[in-house]
1. Every residue in the range 96-125 that is part of a loop (DSSP other than H, G, I, E, B) and without any contact (Cβ under 8 Å) to a residue 40 or more places away in the chain, please.
2. Pick from the range 62-95 the residues that are of a type outside the set (D, E, K, R) and part of a strand (DSSP E or B): which of them is farthest from Thr23 (Cα to Cα)?
3. How many residues does the range 31-61 hold that are part of a loop (DSSP other than H, G, I, E, B) and crowded, with 24+ Cβ neighbours inside 10 Å?
4. State yes or no: is Glu109 over 20 Å from Leu168 (Cβ atoms), surrounded by fewer than 18 Cβ atoms within 10 Å (Cβ to Cβ) and at pLDDT below 95?
5. Does any residue in the range 78-89 that is at negative phi come within less than 9 Å, Cβ to Cβ, of a residue that is surrounded by fewer than 16 Cβ atoms within 10 Å (Cβ to Cβ) six or more places away or on a different chain, and which pairs are these?
6. Quick check on my filter: what residues within the range 139-163 are at pLDDT below 90 and hydrophobic (A, V, I, L, M, F, W, C)?
7. Let me confirm something: among Gly197, Gly217, Gly193, which residue is at positive phi and not hydrophobic (A, V, I, L, M, F, W, C)?
Amino acid sequence: MPESLEDLIMLQPPTAERPLLGTLVLVVEDSRHACEGLRLICQRSGARIRRAESLASAKRHLRSYRPRVAVIDLGLPDGSGLQLIEQMARGEPRIEAILAISGDETLQEAALMAGADAFLAKPIASISHFQTTVIGLLPGGLSPPQIARPSPDTVSPDPIALRDDLCLAVDLLKTGPDAQTLDYVSAFLASLGKDAGDRDLIELADAFRAGTSGTVGDLAKAVENRIDELQPV
């Protein structure tokens, strides 16, 4: 018998309004802002979500349960998501749908070569596009005959999640980071800027990566200024 209300819901068949009902999704994503958007999409779709913020965390999750769908960011704090995709693609039994996500669309080919079933470019905001992509990868009989187009069809993550991500970047920049950490932080900020539609943040990260924006301290100060702009009035 189901042990909780959540277990009972997961046993219900998918509906036109909630076509992913009963589907467990593992989201491997270091950005709280991006993960919040995916959480909202999964919630509207009827799916249950689990989040891992790193490769190590994802591997711990996978020792405890097997998701039907995995959504894997390619830039993670402890390595490339391509490693995890390769591992999942070879696993037996195989996870039914492996999706790679990134703010860098040039990584699409590498993701598919590693074994991903599909690639989604950030920002991921359309509920219907996510639903169509996932359902197209799942075995037949696991989705309703018709899908109702969500209204509205987009989600908007809470700005607090964006602020949390920026604070994390500042903390890393203030710890005397090595070259590998700096590469990660600059890529993280660029991806975050794309996900949040923040052109200034993208330009800030790109300038640092190109070596034209000053010192690490200058970057930390610029990100702190961006955080101040997000403070409630």
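1. Answer for the range 96-125, where residues must be part of a loop (DSSP other than H, G, I, E, B) and without any contact (Cβ under 8 Å) to a residue 40 or more places away in the chain: Gly115, Asp117.
2. Taking the candidates together, the pick is Gly79.
3. Matching residues across the range 31-61 total 2.
4. Spelling it out, it is not the case that Glu109 is over 20 Å from Leu168 (Cβ atoms), surrounded by fewer than 18 Cβ atoms within 10 Å (Cβ to Cβ) and at pLDDT below 95.
5. Once the first residue is at negative phi and sits in the range 78-89, its partners that are surrounded by fewer than 16 Cβ atoms within 10 Å (Cβ to Cβ) give Asp78/Ala56; Leu82/Met113; Leu84/Lys59; Gln87/Lys59; Met88/Arg94.
6. Leu142, Ile147, Ala148
7. Matching residue, one of Gly197, Gly217, Gly193: Gly197.
Condition check ((1) assigned by TED's automatic domain parsing to the domain that holds Val71; (2) of a type outside the set (S, T, N, Q)) across all residues:
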position	(1), (2)
Ile127	yes, yes
Phe130	yes, yes
Gly140	no, yes
Gln146	no, no
Pro150	no, yes
Arg163	no, yes
Val170	no, yes
Leu173	no, yes
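The values are calculated or read from the model by the stated rules, or taken from the named source; none is laboratory data. Everything quoted here is computed from the prediction, not taken from an experiment. Cβ atoms come from the backbone with ideal geometry, glycine included; neighbour counts cover every protein chain shown.
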